[in-house]
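These notes are about the structure you will find just below.
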Amino acid sequence: MLDSAAIGRHMQPMRILIATLLLSFSTFLAAGQANAQGQGQNAPVVAEVEKYFNAIRTLKARFVQSNPNGTVVQGTLYIRRPGRMRFEYDAPSQLKIVADGYQVTMWDIATKDFGQWPIGWTAASFLVKEPLSLTGDLQVDKIDRTDDMIQLTMSQARKPQEGTVIVRLGENPMVLRGWTIIDSRGNHVNVSLVDVQSGLQLADSLFKFDGPDPGAIRRGGN
């Protein structure tokens with residue numbers, strides 16, 4: 001496992017990506033129930049979102065990610081609660097991010113990036129926690145309803161200057177449609193989900209590290 005200094009050296013190009021895929025879920029899924037209760041009009045919506053996620057056993061979706069530099073990438077997201085998740089990017093990208101219930105592994109043979117973190121130390125743990133309880137020190141700043149869509153704008157109560165996330169869910173029936181991260185510098189990273197399916201049988205192999213030896217990744221090997 002890489003230490004924090006090594007991660008910083010090897011993963012500088014991936015920082016926006018990791019923030020998008022992991023920190024965005026922390027902001028969304030750790031949105032505090034206490035905060036919602038403090039804003040009475042928001043409490044029913046927050047409870048509805050909590051119920052939606054706790055009913056999910058598995059989820060699969062296509063995603064389209066737009067980055068601040070203008071690039072657009074696509075891939076497939078897989079989730080199996082509790083504890084398992086996979087982001088797999090379409091070719092020519094070789095990036096993959098997998099949570100196996102214990103740790104999160106990210107690797108990209110093309111860029112020679114590799115990193116691992118205990119799942120409890122990453123925001124991914126909020127997405128796949130079982131059961132999910134919406135508690136934490138984050139706040140729902142605003143809830144909007146437009147065109148059969150719920151938009152929740154949230155920030156950290158103690159560090160609102162660090163950024164904002166806007167999470168989008170369709171209504172009738174409720175379904176996750178994507179999220180937008182706005183960092184402290186005003187950079188936007190947008191992720192949209194399509195073809196969202198739940199209740200599928202997802203193989204154990206999807207949630208295991210299936211890349212080459214980490215040393216081979218750093219050397220650019222196969």
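Observations
- Filtering region 166-208 to residues that are over 25 Å from residue 107 (Cβ atoms) and among the small types (Gly, Ala, Ser) leaves 170, 184, 186, 198, 199.
- Pairs where the first residue, in region 47-68, is at pLDDT 95 or above and surrounded by 15 or more Cβ atoms within 10 Å (Cβ to Cβ) and the second is among the polar types (S, T, N, Q) and assigned to a strand (DSSP E or B), C-beta under 6 Å, 6+ apart: 60/197; 62/76
- When region 158-209 is filtered for residues that are of a type in the set (Asp, Glu) and touching a residue at least 40 places away in the same chain (Cβ under 8 Å), the ones remaining, listed by number, are 183, 195.
- Only strands (runs of 3 or more DSSP E) whose full extent lies in region 86-157 are considered here, and the ones with at least 1 residues that are among the polar types (S, T, N, Q) and at pLDDT 75 or above are 103-108, 113-118, 138-146, 149-156.
The values are calculated or read from the model by the stated rules, or taken from the named source; none is laboratory data. The model shown is predicted, which means the values in this text are computed figures rather than measured ones. Note that each Cβ is placed from the backbone with ideal geometry, even for glycine, and that neighbours are counted across all protein chains shown.
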